[in-house]
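The values are calculated or read from the model by the stated rules, or taken from the named source; none is laboratory data. Only a predicted model underlies this, so the values are computations on that prediction, with no experimental measurement involved. Backbone-built Cβ (ideal geometry, glycine too); neighbour counts: all protein chains shown. Heads up: the accessible areas ignore ligands, DNA and RNA and are worked out on the full protein's heavy atoms, side chains in. Shrake-Rupley method; radii C 1.70, N 1.55, O 1.52, S 1.80 Å.
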Amino acid sequence: MITGYRYAIVEGFRGLKRAKFSTSISIFTIFLSLVIIAVFLIFILNVHWIVAQIQSRMELEAFIDNSYIQPQIDQLLLQIHEIEGVEEVRYISKQEAAEIFREQFGEDAFKILEDNPLPASFQIRLKPEYRSSEPTQNIFSEILKLDGIDEIIYRHDLLMILERYMHIFLVVIIVMGSLLALSSMILVSNTIKLIIYSRRKTIEIMKLVGATRSFIRRPFLIEGIVQGCLGGGLAALLFYLLFKIINIEIPNLIFVDTRIYLLLLILGIVLGFSGSVIALRKFIKY
Amino acid sequence: MIELSNVKAFYPGGEGLELVNVTVKPGEFVYLIGPSGAGKSSVLKLIYMDIKPQSGFVRVNGFNSLNMKRKQIPLLRRKLGIIFQDFKLLTDRTVFENVAFTLNVTNSRQRDIKRKVLRVLAEVGLRHKENKMPHELSGGEQQRVAIARALVNEPIILLADEITGNLDPLSEEDIISLLEKIHAKGTAILMATHDNRLVRGKNRKIIRIEKGRTIN
Ligand SMILES: Nc1ncnc2c1ncn2[C@@H]1O[C@H](COP(=O)(O)OP(=O)(O)OP(=O)(O)O)[C@@H](O)[C@H]1O
Ligand SMILES: [Mg+2]
(Lines give C-alpha, C1' and ligand atoms only; values in the text may rest on other atoms or scores of the structure.)
(Ligands and ions follow the chains in the order given, each with its own letter.)
Protein backbone atom coordinates (compact mmCIF):
# COMPACT_ATOMS: atom_id res chain seq x y z
CA MET A 1 0.00 0.00 0.00
CA ILE A 2 2.59 2.54 1.16
CA THR A 3 5.02 1.59 -1.58
CA GLY A 4 2.13 1.97 -4.02
CA TYR A 5 1.46 5.54 -2.96
CA ARG A 6 5.13 6.41 -2.90
CA TYR A 7 5.40 5.10 -6.43
CA ALA A 8 2.36 7.14 -7.48
CA ILE A 9 3.83 10.30 -5.99
CA VAL A 10 7.21 9.71 -7.63
CA GLU A 11 5.48 8.99 -10.94
CA GLY A 12 3.22 12.01 -10.56
CA PHE A 13 6.11 14.41 -10.11
CA ARG A 14 8.05 12.69 -12.85
CA GLY A 15 5.07 13.27 -15.13
CA LEU A 16 4.93 16.95 -14.19
CA LYS A 17 8.59 17.38 -15.02
CA ARG A 18 8.26 15.52 -18.29
CA ALA A 19 5.31 17.54 -19.53
CA LYS A 20 6.54 20.93 -18.37
CA PHE A 21 4.73 22.88 -21.05
CA SER A 22 1.30 21.29 -20.67
CA THR A 23 1.68 21.41 -16.92
CA SER A 24 2.49 25.12 -16.99
CA ILE A 25 -0.53 25.79 -19.17
CA SER A 26 -2.71 23.84 -16.80
CA ILE A 27 -1.38 25.68 -13.75
CA PHE A 28 -1.80 29.00 -15.51
CA THR A 29 -5.39 28.17 -16.45
CA ILE A 30 -6.22 27.35 -12.87
CA PHE A 31 -4.43 30.47 -11.69
CA LEU A 32 -6.25 32.75 -14.12
CA SER A 33 -9.71 31.36 -13.40
CA LEU A 34 -9.13 31.65 -9.68
CA VAL A 35 -7.95 35.24 -10.03
CA ILE A 36 -11.13 36.16 -11.86
CA ILE A 37 -13.30 34.24 -9.42
CA ALA A 38 -11.50 35.92 -6.53
CA VAL A 39 -12.04 39.37 -8.01
CA PHE A 40 -15.76 38.62 -8.21
CA LEU A 41 -15.73 37.32 -4.69
CA ILE A 42 -13.89 40.28 -3.22
CA PHE A 43 -16.16 42.63 -5.10
CA ILE A 44 -19.32 41.00 -3.77
CA LEU A 45 -17.92 40.79 -0.25
CA ASN A 46 -17.11 44.48 -0.33
CA VAL A 47 -20.50 45.47 -1.69
CA HIS A 48 -22.04 43.33 1.01
CA TRP A 49 -19.83 44.95 3.60
CA ILE A 50 -20.76 48.46 2.46
CA VAL A 51 -24.45 47.60 2.49
CA ALA A 52 -24.09 46.22 6.01
CA GLN A 53 -22.36 49.42 7.06
CA ILE A 54 -25.14 51.52 5.65
CA GLN A 55 -27.77 49.29 7.22
CA SER A 56 -26.13 49.51 10.62
CA ARG A 57 -26.21 53.29 10.47
CA MET A 58 -29.83 53.38 9.50
CA GLU A 59 -31.74 53.92 12.70
CA LEU A 60 -35.45 54.45 13.13
CA GLU A 61 -36.31 57.78 14.61
CA ALA A 62 -39.65 57.75 16.48
CA PHE A 63 -41.07 61.10 17.63
CA ILE A 64 -42.87 61.25 20.94
CA ASP A 65 -46.15 63.07 21.56
CA ASN A 66 -45.44 66.49 23.11
CA SER A 67 -47.88 65.93 25.95
CA TYR A 68 -46.04 62.86 27.24
CA ILE A 69 -44.12 63.26 30.47
CA GLN A 70 -41.23 61.35 31.95
CA PRO A 71 -42.88 58.26 33.56
CA GLN A 72 -44.93 57.67 30.41
CA ILE A 73 -41.87 58.07 28.28
CA ASP A 74 -39.96 55.50 30.35
CA GLN A 75 -42.88 53.15 29.92
CA LEU A 76 -42.87 53.71 26.17
CA LEU A 77 -39.13 53.04 25.99
CA LEU A 78 -39.61 49.70 27.70
CA GLN A 79 -42.42 48.80 25.32
CA ILE A 80 -40.29 49.54 22.30
CA HIS A 81 -37.40 47.65 23.76
CA GLU A 82 -39.58 44.57 24.06
CA ILE A 83 -40.42 44.48 20.35
CA GLU A 84 -38.66 41.61 18.64
CA GLY A 85 -35.65 42.73 16.59
CA VAL A 86 -34.94 45.91 18.52
CA GLU A 87 -31.36 46.06 19.70
CA GLU A 88 -31.07 49.42 21.36
CA VAL A 89 -33.36 52.33 22.16
CA ARG A 90 -31.93 55.72 23.00
CA TYR A 91 -34.06 58.53 24.36
CA ILE A 92 -33.37 62.01 23.00
CA SER A 93 -35.06 64.68 25.10
CA LYS A 94 -36.27 68.02 23.71
CA GLN A 95 -33.18 69.72 25.18
CA GLU A 96 -30.81 67.20 23.64
CA ALA A 97 -32.56 67.56 20.30
CA ALA A 98 -32.12 71.33 20.52
CA GLU A 99 -28.45 70.90 21.33
CA ILE A 100 -27.88 68.60 18.39
CA PHE A 101 -29.66 71.09 16.20
CA ARG A 102 -27.48 73.91 17.50
CA GLU A 103 -24.33 71.93 16.87
CA GLN A 104 -25.35 71.32 13.34
CA PHE A 105 -26.87 74.66 12.37
CA GLY A 106 -25.13 77.15 14.65
CA GLU A 107 -25.85 78.98 17.91
CA ASP A 108 -28.39 81.50 16.82
CA ALA A 109 -30.88 79.51 14.87
CA PHE A 110 -33.24 79.23 17.86
CA LYS A 111 -32.98 82.75 19.14
CA ILE A 112 -35.84 84.00 17.07
CA LEU A 113 -38.17 81.45 18.62
CA GLU A 114 -38.98 81.64 22.28
CA ASP A 115 -40.00 78.06 22.62
CA ASN A 116 -38.14 74.85 21.59
CA PRO A 117 -40.19 73.39 18.70
CA LEU A 118 -38.25 70.12 18.48
CA PRO A 119 -40.01 67.01 19.77
CA ALA A 120 -38.40 64.39 21.99
CA SER A 121 -37.61 61.14 20.20
CA PHE A 122 -36.30 57.62 20.39
CA GLN A 123 -33.34 56.51 18.28
CA ILE A 124 -33.99 52.85 17.63
CA ARG A 125 -31.33 50.47 16.37
CA LEU A 126 -32.30 47.04 15.06
CA LYS A 127 -30.48 43.76 15.46
CA PRO A 128 -28.37 42.93 12.35
CA GLU A 129 -30.64 40.13 11.17
CA TYR A 130 -33.64 42.53 11.19
CA ARG A 131 -32.00 45.27 9.19
CA SER A 132 -33.30 44.33 5.74
CA SER A 133 -36.37 46.08 4.44
CA GLU A 134 -39.12 43.61 5.23
CA PRO A 135 -38.51 43.09 8.96
CA THR A 136 -37.76 46.78 9.32
CA GLN A 137 -41.13 47.54 7.79
CA ASN A 138 -42.83 45.25 10.33
CA ILE A 139 -41.08 46.80 13.30
CA PHE A 140 -41.88 50.22 11.87
CA SER A 141 -45.61 49.52 11.98
CA GLU A 142 -45.40 47.86 15.42
CA ILE A 143 -43.90 50.98 16.90
CA LEU A 144 -46.28 53.28 15.11
CA LYS A 145 -49.20 51.42 16.72
CA LEU A 146 -47.99 52.45 20.18
CA ASP A 147 -49.81 55.34 21.85
CA GLY A 148 -47.57 58.33 22.22
CA ILE A 149 -45.60 57.83 18.99
CA ASP A 150 -46.45 60.50 16.46
CA GLU A 151 -44.27 59.71 13.54
CA ILE A 152 -41.35 57.53 12.47
CA ILE A 153 -38.63 58.44 10.03
CA TYR A 154 -36.32 56.18 8.20
CA ARG A 155 -34.85 55.89 4.71
CA HIS A 156 -36.86 52.97 3.48
CA ASP A 157 -36.39 53.73 -0.21
CA LEU A 158 -32.61 53.75 0.08
CA LEU A 159 -32.66 50.39 1.84
CA MET A 160 -34.89 48.89 -0.84
CA ILE A 161 -32.66 50.08 -3.65
CA LEU A 162 -29.56 48.74 -1.94
CA GLU A 163 -31.16 45.38 -1.40
CA ARG A 164 -32.49 45.08 -4.90
CA TYR A 165 -29.06 45.79 -6.38
CA MET A 166 -27.43 43.41 -3.95
CA HIS A 167 -29.68 40.62 -5.17
CA ILE A 168 -29.02 41.30 -8.82
CA PHE A 169 -25.30 41.54 -8.16
CA LEU A 170 -25.32 38.30 -6.27
CA VAL A 171 -27.15 36.39 -9.01
CA VAL A 172 -24.96 37.79 -11.78
CA ILE A 173 -21.79 37.01 -9.91
CA ILE A 174 -22.81 33.52 -8.89
CA VAL A 175 -23.80 32.69 -12.47
CA MET A 176 -20.63 34.14 -13.94
CA GLY A 177 -18.46 32.53 -11.28
CA SER A 178 -19.98 29.11 -11.88
CA LEU A 179 -19.61 29.41 -15.64
CA LEU A 180 -16.02 30.41 -15.16
CA ALA A 181 -15.31 27.54 -12.79
CA LEU A 182 -16.93 25.12 -15.21
CA SER A 183 -15.06 26.37 -18.25
CA SER A 184 -11.75 26.35 -16.45
CA MET A 185 -12.45 22.81 -15.30
CA ILE A 186 -13.01 21.79 -18.93
CA LEU A 187 -9.86 23.64 -19.96
CA VAL A 188 -7.83 21.99 -17.22
CA SER A 189 -9.22 18.58 -18.08
CA ASN A 190 -8.28 19.12 -21.73
CA THR A 191 -4.74 19.98 -20.81
CA ILE A 192 -4.53 16.95 -18.58
CA LYS A 193 -5.97 14.89 -21.42
CA LEU A 194 -3.00 15.97 -23.52
CA ILE A 195 -0.65 14.93 -20.75
CA ILE A 196 -2.35 11.55 -20.47
CA TYR A 197 -2.38 11.12 -24.22
CA SER A 198 1.36 11.74 -24.37
CA ARG A 199 1.75 8.87 -21.94
CA ARG A 200 -0.70 6.42 -23.50
CA LYS A 201 2.13 4.01 -24.16
CA THR A 202 3.04 3.91 -20.49
CA ILE A 203 -0.59 3.35 -19.64
CA GLU A 204 -0.86 0.57 -22.22
CA ILE A 205 2.14 -1.20 -20.69
CA MET A 206 0.78 -0.69 -17.19
CA LYS A 207 -2.41 -2.43 -18.25
CA LEU A 208 -0.47 -5.27 -19.84
CA VAL A 209 1.57 -6.02 -16.75
CA GLY A 210 -1.47 -6.01 -14.49
CA ALA A 211 -1.82 -2.56 -12.98
CA THR A 212 -5.19 -1.90 -11.42
CA ARG A 213 -7.34 0.97 -12.59
CA SER A 214 -6.76 2.94 -9.42
CA PHE A 215 -3.03 2.41 -9.65
CA ILE A 216 -2.97 3.82 -13.18
CA ARG A 217 -5.12 6.76 -12.23
CA ARG A 218 -3.31 7.70 -9.06
CA PRO A 219 -0.25 9.49 -10.52
CA PHE A 220 -2.50 11.57 -12.78
CA LEU A 221 -4.74 12.51 -9.88
CA ILE A 222 -1.69 13.53 -7.90
CA GLU A 223 -0.55 15.62 -10.86
CA GLY A 224 -3.95 17.30 -10.96
CA ILE A 225 -3.81 18.04 -7.26
CA VAL A 226 -0.27 19.43 -7.50
CA GLN A 227 -1.26 21.63 -10.44
CA GLY A 228 -4.27 22.84 -8.48
CA CYS A 229 -2.12 23.56 -5.44
CA LEU A 230 0.32 25.57 -7.52
CA GLY A 231 -2.37 27.47 -9.45
CA GLY A 232 -4.34 28.15 -6.26
CA GLY A 233 -1.22 28.99 -4.29
CA LEU A 234 -0.06 31.47 -6.91
CA ALA A 235 -3.48 33.13 -6.97
CA ALA A 236 -3.48 33.33 -3.16
CA LEU A 237 0.02 34.80 -3.21
CA LEU A 238 -0.97 37.39 -5.79
CA PHE A 239 -3.91 38.59 -3.72
CA TYR A 240 -1.91 38.51 -0.52
CA LEU A 241 0.69 40.84 -2.03
CA LEU A 242 -1.94 42.97 -3.70
CA PHE A 243 -3.86 43.55 -0.48
CA LYS A 244 -0.68 44.22 1.37
CA ILE A 245 0.26 46.97 -1.08
CA ILE A 246 -3.25 48.43 -1.15
CA ASN A 247 -3.42 48.47 2.62
CA ILE A 248 -0.15 50.31 2.88
CA GLU A 249 -1.12 52.85 0.26
CA ILE A 250 -4.76 53.37 1.21
CA PRO A 251 -5.65 51.73 4.53
CA ASN A 252 -9.19 50.37 5.00
CA LEU A 253 -10.11 50.78 1.35
CA ILE A 254 -11.17 47.18 0.93
CA PHE A 255 -12.44 44.58 3.25
CA VAL A 256 -10.58 41.23 3.06
CA ASP A 257 -11.52 38.03 4.76
CA THR A 258 -8.26 36.12 5.24
CA ARG A 259 -10.10 32.86 4.63
CA ILE A 260 -10.00 33.78 0.94
CA TYR A 261 -6.43 32.48 0.68
CA LEU A 262 -7.45 29.09 1.96
CA LEU A 263 -10.49 29.16 -0.29
CA LEU A 264 -8.33 29.84 -3.35
CA LEU A 265 -6.05 26.96 -2.49
CA ILE A 266 -8.96 24.57 -1.98
CA LEU A 267 -10.70 25.74 -5.17
CA GLY A 268 -7.45 25.18 -7.06
CA ILE A 269 -7.15 21.65 -5.75
CA VAL A 270 -10.78 20.94 -6.59
CA LEU A 271 -10.25 22.26 -10.12
CA GLY A 272 -7.08 20.25 -10.71
CA PHE A 273 -8.48 17.08 -9.21
CA SER A 274 -11.80 17.17 -11.02
CA GLY A 275 -10.04 18.09 -14.24
CA SER A 276 -7.96 14.93 -13.91
CA VAL A 277 -10.97 12.79 -13.07
CA ILE A 278 -12.82 14.01 -16.16
CA ALA A 279 -9.77 13.49 -18.38
CA LEU A 280 -9.10 10.01 -17.05
CA ARG A 281 -12.61 8.78 -17.74
CA LYS A 282 -11.81 8.81 -21.44
CA PHE A 283 -8.59 6.88 -21.24
CA ILE A 284 -8.96 4.19 -18.66
CA LYS A 285 -12.15 2.33 -19.18
CA TYR A 286 -11.71 -0.94 -17.37
CA MET B 1 -4.21 -24.26 -17.78
CA ILE B 2 -5.32 -22.32 -20.85
CA GLU B 3 -8.34 -23.32 -22.84
CA LEU B 4 -10.22 -21.54 -25.58
CA SER B 5 -13.30 -23.54 -26.45
CA ASN B 6 -15.40 -22.87 -29.56
CA VAL B 7 -14.65 -19.19 -29.32
CA LYS B 8 -16.26 -16.66 -31.63
CA ALA B 9 -15.05 -13.09 -31.24
CA PHE B 10 -15.72 -10.29 -33.67
CA TYR B 11 -14.50 -6.72 -33.85
CA PRO B 12 -16.99 -3.95 -34.56
CA GLY B 13 -15.87 -4.02 -38.23
CA GLY B 14 -17.10 -7.61 -38.58
CA GLU B 15 -13.64 -9.21 -38.81
CA GLY B 16 -12.39 -11.49 -36.10
CA LEU B 17 -12.42 -15.12 -34.99
CA GLU B 18 -14.95 -17.60 -36.35
CA LEU B 19 -14.16 -20.72 -34.39
CA VAL B 20 -11.13 -21.15 -32.22
CA ASN B 21 -10.06 -24.06 -30.05
CA VAL B 22 -6.74 -23.83 -28.24
CA THR B 23 -5.34 -25.60 -25.21
CA VAL B 24 -1.99 -25.07 -23.55
CA LYS B 25 -0.96 -27.31 -20.67
CA PRO B 26 1.50 -26.27 -17.92
CA GLY B 27 5.07 -26.16 -19.20
CA GLU B 28 4.11 -26.67 -22.86
CA PHE B 29 5.75 -24.81 -25.74
CA VAL B 30 3.06 -24.23 -28.35
CA TYR B 31 3.32 -22.49 -31.72
CA LEU B 32 0.31 -20.65 -33.14
CA ILE B 33 0.96 -20.39 -36.85
CA GLY B 34 -1.04 -18.68 -39.57
CA PRO B 35 -0.83 -16.04 -42.28
CA SER B 36 -1.21 -12.34 -41.67
CA GLY B 37 -4.74 -11.41 -40.63
CA ALA B 38 -5.59 -14.98 -39.63
CA GLY B 39 -6.32 -13.97 -36.06
CA LYS B 40 -3.19 -14.89 -34.08
CA SER B 41 -2.97 -11.63 -32.16
CA SER B 42 -6.67 -11.86 -31.48
CA VAL B 43 -6.21 -15.27 -29.87
CA LEU B 44 -3.58 -13.81 -27.56
CA LYS B 45 -5.84 -10.85 -26.77
CA LEU B 46 -8.54 -13.31 -25.75
CA ILE B 47 -6.12 -14.96 -23.37
CA TYR B 48 -5.15 -11.75 -21.65
CA MET B 49 -8.80 -10.71 -21.84
CA ASP B 50 -8.32 -7.60 -23.89
CA ILE B 51 -11.28 -8.78 -25.93
CA LYS B 52 -14.19 -10.98 -24.89
CA PRO B 53 -15.66 -13.91 -26.78
CA GLN B 54 -19.17 -13.53 -28.18
CA SER B 55 -19.68 -17.25 -27.73
CA GLY B 56 -17.64 -20.11 -26.35
CA PHE B 57 -15.37 -19.43 -23.38
CA VAL B 58 -11.80 -18.70 -22.42
CA ARG B 59 -10.29 -20.24 -19.31
CA VAL B 60 -6.96 -19.05 -17.99
CA ASN B 61 -5.46 -20.23 -14.73
CA GLY B 62 -8.80 -20.58 -12.96
CA PHE B 63 -10.37 -17.45 -14.45
CA ASN B 64 -13.23 -17.96 -16.86
CA SER B 65 -14.40 -15.37 -19.39
CA LEU B 66 -18.00 -16.38 -18.67
CA ASN B 67 -18.03 -15.16 -15.10
CA MET B 68 -15.01 -12.94 -14.84
CA LYS B 69 -15.31 -9.37 -13.58
CA ARG B 70 -13.42 -6.52 -15.22
CA LYS B 71 -11.74 -5.78 -11.93
CA GLN B 72 -10.08 -9.18 -12.01
CA ILE B 73 -8.32 -8.56 -15.31
CA PRO B 74 -5.22 -7.05 -13.64
CA LEU B 75 -4.94 -10.08 -11.37
CA LEU B 76 -5.07 -12.38 -14.38
CA ARG B 77 -2.44 -10.39 -16.26
CA ARG B 78 -0.02 -10.59 -13.35
CA LYS B 79 0.13 -14.30 -14.07
CA LEU B 80 0.97 -13.76 -17.75
CA GLY B 81 4.09 -12.49 -19.47
CA ILE B 82 3.31 -10.72 -22.75
CA ILE B 83 5.85 -9.85 -25.44
CA PHE B 84 5.31 -8.09 -28.77
CA GLN B 85 7.02 -7.55 -32.07
CA ASP B 86 7.60 -3.87 -31.25
CA PHE B 87 9.02 -4.48 -27.75
CA LYS B 88 6.86 -1.80 -26.12
CA LEU B 89 9.65 -0.50 -23.91
CA LEU B 90 9.45 2.82 -22.13
CA THR B 91 11.96 4.89 -24.03
CA ASP B 92 12.62 7.36 -21.23
CA ARG B 93 13.61 4.74 -18.65
CA THR B 94 16.65 2.61 -18.17
CA VAL B 95 16.74 -1.13 -18.73
CA PHE B 96 16.49 -1.68 -14.98
CA GLU B 97 13.50 0.66 -14.63
CA ASN B 98 11.74 -0.97 -17.57
CA VAL B 99 11.97 -4.38 -15.97
CA ALA B 100 11.19 -3.05 -12.48
CA PHE B 101 8.07 -1.44 -13.95
CA THR B 102 6.13 -4.70 -13.73
CA LEU B 103 6.93 -5.04 -10.05
CA ASN B 104 6.27 -1.39 -9.23
CA VAL B 105 2.87 -1.72 -10.77
CA THR B 106 2.05 -4.69 -8.55
CA ASN B 107 3.21 -3.02 -5.34
CA SER B 108 6.25 -5.12 -4.59
CA ARG B 109 8.71 -4.15 -1.89
CA GLN B 110 11.66 -2.05 -3.02
CA ARG B 111 14.26 -4.55 -1.78
CA ASP B 112 12.59 -7.47 -3.56
CA ILE B 113 12.39 -5.43 -6.73
CA LYS B 114 16.14 -4.93 -6.96
CA ARG B 115 16.89 -8.59 -6.29
CA LYS B 116 14.33 -9.91 -8.75
CA VAL B 117 15.20 -7.48 -11.53
CA LEU B 118 18.93 -8.20 -11.37
CA ARG B 119 18.29 -11.92 -11.37
CA VAL B 120 16.05 -11.84 -14.41
CA LEU B 121 18.41 -9.46 -16.25
CA ALA B 122 21.18 -12.00 -15.68
CA GLU B 123 18.90 -14.69 -17.04
CA VAL B 124 18.45 -12.86 -20.36
CA GLY B 125 22.15 -11.91 -20.46
CA LEU B 126 21.78 -8.16 -19.87
CA ARG B 127 23.04 -7.82 -16.33
CA HIS B 128 25.80 -5.47 -17.54
CA LYS B 129 23.37 -3.15 -19.37
CA GLU B 130 21.00 -2.38 -16.53
CA ASN B 131 21.68 1.37 -16.70
CA LYS B 132 21.45 1.78 -20.46
CA MET B 133 18.52 3.45 -22.15
CA PRO B 134 16.55 1.40 -24.73
CA HIS B 135 17.85 3.45 -27.68
CA GLU B 136 21.39 2.45 -26.72
CA LEU B 137 20.55 -1.21 -27.31
CA SER B 138 20.26 -3.35 -30.43
CA GLY B 139 16.86 -4.69 -31.46
CA GLY B 140 17.69 -8.12 -30.08
CA GLU B 141 18.77 -6.64 -26.78
CA GLN B 142 15.61 -4.57 -26.56
CA GLN B 143 13.54 -7.68 -27.09
CA ARG B 144 15.47 -9.36 -24.27
CA VAL B 145 14.59 -6.46 -21.99
CA ALA B 146 10.95 -6.98 -22.91
CA ILE B 147 11.31 -10.69 -22.15
CA ALA B 148 12.92 -9.86 -18.80
CA ARG B 149 10.02 -7.55 -18.00
CA ALA B 150 7.57 -10.33 -18.85
CA LEU B 151 9.45 -12.88 -16.78
CA VAL B 152 10.12 -10.88 -13.65
CA ASN B 153 6.67 -11.59 -12.24
CA GLU B 154 7.22 -15.34 -12.65
CA PRO B 155 4.31 -15.89 -15.04
CA ILE B 156 2.71 -19.25 -15.71
CA ILE B 157 2.99 -18.60 -19.45
CA LEU B 158 4.75 -16.31 -21.89
CA LEU B 159 2.54 -15.02 -24.69
CA ALA B 160 4.80 -14.06 -27.58
CA ASP B 161 3.28 -12.23 -30.55
CA GLU B 162 5.57 -12.37 -33.57
CA ILE B 163 8.46 -11.37 -31.40
CA THR B 164 11.19 -11.96 -33.95
CA GLY B 165 9.42 -10.01 -36.68
CA ASN B 166 11.65 -6.96 -36.31
CA LEU B 167 14.92 -8.79 -35.85
CA ASP B 168 17.77 -9.89 -38.09
CA PRO B 169 18.29 -13.67 -38.45
CA LEU B 170 21.10 -13.79 -35.91
CA SER B 171 19.16 -11.95 -33.19
CA GLU B 172 16.16 -14.10 -34.08
CA GLU B 173 18.12 -17.23 -33.35
CA ASP B 174 19.31 -15.72 -30.07
CA ILE B 175 15.81 -14.91 -28.95
CA ILE B 176 14.49 -18.34 -29.90
CA SER B 177 17.20 -20.10 -27.95
CA LEU B 178 16.51 -17.79 -25.00
CA LEU B 179 12.86 -18.83 -25.12
CA GLU B 180 13.92 -22.45 -25.21
CA LYS B 181 16.05 -21.90 -22.14
CA ILE B 182 13.10 -20.28 -20.36
CA HIS B 183 10.86 -23.13 -21.41
CA ALA B 184 13.38 -25.67 -20.13
CA LYS B 185 13.08 -24.04 -16.70
CA GLY B 186 9.36 -24.81 -16.72
CA THR B 187 7.53 -21.75 -18.09
CA ALA B 188 4.87 -22.48 -20.70
CA ILE B 189 5.10 -20.50 -23.94
CA LEU B 190 2.55 -19.68 -26.61
CA MET B 191 4.31 -18.25 -29.64
CA ALA B 192 2.31 -16.65 -32.43
CA THR B 193 4.05 -16.35 -35.80
CA HIS B 194 3.38 -16.41 -39.52
CA ASP B 195 6.86 -17.83 -40.08
CA ASN B 196 6.86 -21.59 -40.76
CA ARG B 197 10.66 -21.66 -40.71
CA LEU B 198 10.69 -21.18 -36.95
CA VAL B 199 9.26 -24.64 -36.33
CA ARG B 200 11.08 -26.47 -39.06
CA GLY B 201 12.95 -29.45 -37.69
CA LYS B 202 11.59 -28.94 -34.21
CA ASN B 203 9.26 -31.24 -32.45
CA ARG B 204 6.79 -28.71 -31.12
CA LYS B 205 3.07 -28.68 -30.64
CA ILE B 206 1.59 -26.58 -33.44
CA ILE B 207 -1.83 -24.97 -33.73
CA ARG B 208 -2.63 -23.63 -37.17
CA ILE B 209 -5.03 -20.77 -37.70
CA GLU B 210 -6.53 -19.47 -40.93
CA LYS B 211 -9.26 -16.92 -41.56
CA GLY B 212 -10.25 -16.91 -37.92
CA ARG B 213 -10.46 -20.71 -37.60
CA THR B 214 -8.05 -23.02 -35.87
CA ILE B 215 -7.15 -26.26 -37.58
CA ASN B 216 -5.97 -29.08 -35.35
N1 LIG C 1 -8.92 -3.59 -33.19
C2 LIG C 1 -9.46 -4.15 -34.30
N3 LIG C 1 -10.58 -3.65 -34.82
C4 LIG C 1 -11.14 -4.18 -35.92
N5 LIG C 1 -10.64 -5.22 -36.56
C6 LIG C 1 -9.50 -5.79 -36.12
C7 LIG C 1 -8.85 -5.26 -34.95
N8 LIG C 1 -7.73 -6.01 -34.73
C9 LIG C 1 -7.71 -6.94 -35.70
N10 LIG C 1 -8.76 -6.82 -36.52
C11 LIG C 1 -9.06 -7.70 -37.68
O12 LIG C 1 -9.20 -9.02 -37.21
C13 LIG C 1 -8.54 -9.93 -38.06
C14 LIG C 1 -7.50 -10.72 -37.29
O15 LIG C 1 -6.49 -9.83 -36.85
P16 LIG C 1 -5.22 -10.31 -36.02
O17 LIG C 1 -4.47 -9.07 -35.64
O18 LIG C 1 -5.67 -11.20 -34.95
O19 LIG C 1 -4.40 -11.12 -37.11
P20 LIG C 1 -2.93 -11.70 -37.03
O21 LIG C 1 -3.01 -13.11 -37.35
O22 LIG C 1 -2.30 -11.31 -35.75
O23 LIG C 1 -2.22 -10.90 -38.20
P24 LIG C 1 -0.69 -10.41 -38.30
O25 LIG C 1 0.13 -11.61 -38.60
O26 LIG C 1 -0.71 -9.46 -39.48
O27 LIG C 1 -0.36 -9.75 -37.01
C28 LIG C 1 -7.94 -9.11 -39.18
O29 LIG C 1 -8.77 -9.21 -40.29
C30 LIG C 1 -7.89 -7.73 -38.67
O31 LIG C 1 -8.12 -6.79 -39.68
MG1 LIG D 1 -0.73 -10.04 -35.16
- Please work out the Cα center distance from region B:39-103 to region B:129-146, rounded to the nearest Å. 22
- Message: What Kirkwood Rh does the protein assembly as shown have if only Cα atoms enter the pairwise 1/r average? Answer in Å.
- Response: 29.6
- From the backbone phi of region A:174-191, what are the Karplus-calculated ³J(HN,Hα) couplings (6.51 cos²θ - 1.76 cosθ + 1.60, θ = phi - 60°) in whole Hz, Gly and Pro given as x? 5, 4, 5, x, 5, 4, 5, 4, 5, 5, 6, 5, 5, 4, 4, 5, 5, 5
- Message: Keeping all protein chains in place and using 1.4 angstrom, which order do A:His48, B:His135 fall into by accessible surface area, from largest down?
- Response: B:His135, A:His48
- Task: Determine the sum of side-chain charges near B:Val58: Lys and Arg each +1, Asp and Glu each -1, restricted to other residues whose C-beta is under 13 angstrom from that of B:Val58.
- Result: +2
- Query: At q = 0.07, 0.14, 0.16, 0.17 Å⁻¹, what is the log10 ratio I(q)/I(0) for chain A, with the Debye formula run over Cα points and no solvent?
  - Reply: -0.50, -1.01, -1.15, -1.22
- With every protein chain in place, region A:59-154: carbon and sulfur % of accessible area (1.4 Å): 48
- Task: Report, in deg cm²/dmol and to the nearest 500, the calculated mean residue ellipticity at 222 nm for chain A, where each DSSP H run with n ≥ 4 adds -39500 (n - 2.57) and the sum is divided by the residue count.
- Result: -25500 deg cm²/dmol
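Taking a 1.4 Å probe, which of A:Glu61, A:Glu163 shows the most accessible area, and what order do the others take after it?
Accessible-area ranking of A:Glu61, A:Glu163, largest first: A:Glu61, A:Glu163.
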- Query: Using the reciprocal of the averaged 1/r over all distinct C-alpha pairs, how large is the Kirkwood radius of region A:59-154 in Å?
  - Reply: 14.2
- Task: Using only Cα atoms, locate the centre of region A:162-214 and the centre of region A:28-72, then give the distance between them in Å, rounded to an integer.
- Result: 35
- Query: Comparing the chain by itself with all protein chains present, which residues of region A:173-217 are at least 10 Å² less accessible (probe 1.4 Å)?
  - Reply: A:Lys201, A:Thr202, A:Glu204, A:Ile205, A:Met206, A:Lys207, A:Leu208, A:Val209, A:Gly210, A:Ala211, A:Thr212, A:Phe215
- Could you work out the mean count of beta carbons from other protein chains within 10 Å of each residue's beta carbon in B:101-110? 6
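Computed from the mean reciprocal separation of all distinct C-alpha pairs, what Kirkwood hydrodynamic radius does chain B have, in Å?
17.8
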- Item | Shape call, region B:30-91: gyration tensor on alpha carbons, a/c limit 1.5 | oblate
- Query: Where does helix A:259-283 land angle-wise versus the long Cα axis of chain A, in degrees 0 to 90, nearest 10?
  - Reply: 40
- Message: Please compute the modelled spin-label separation between B:Glu97 and B:Ser177, points set 7 Å along Cα→Cβ, answer in nm with one decimal.
- Response: 3.3
- Message: Between region B:186-215 and region A:231-282, what is the separation of their alpha carbon centroids in Å?
- Response: 63
- To the nearest 0.05, what FRET efficiency results for A:Val175 and A:Ile9 with a Förster distance of 41 Å applied to their C-beta separation? 0.60
- Convert each backbone phi in region B:28-36 into a coupling constant with the Karplus relation 6.51 cos²θ - 1.76 cosθ + 1.60 (shift: θ = phi - 60°), then list the ³J(HN,Hα) values in order as whole Hz, x for Gly and Pro. 7, 10, 10, 9, 10, 10, x, x, 4
- Mean shadow of region A:236-286, computed from the convex hull of its alpha carbons, in nm²? 4.3
- Query: Given just the C-alpha atoms of region B:128-216, how large is their convex hull per residue in cubic angstrom?
  - Reply: 131
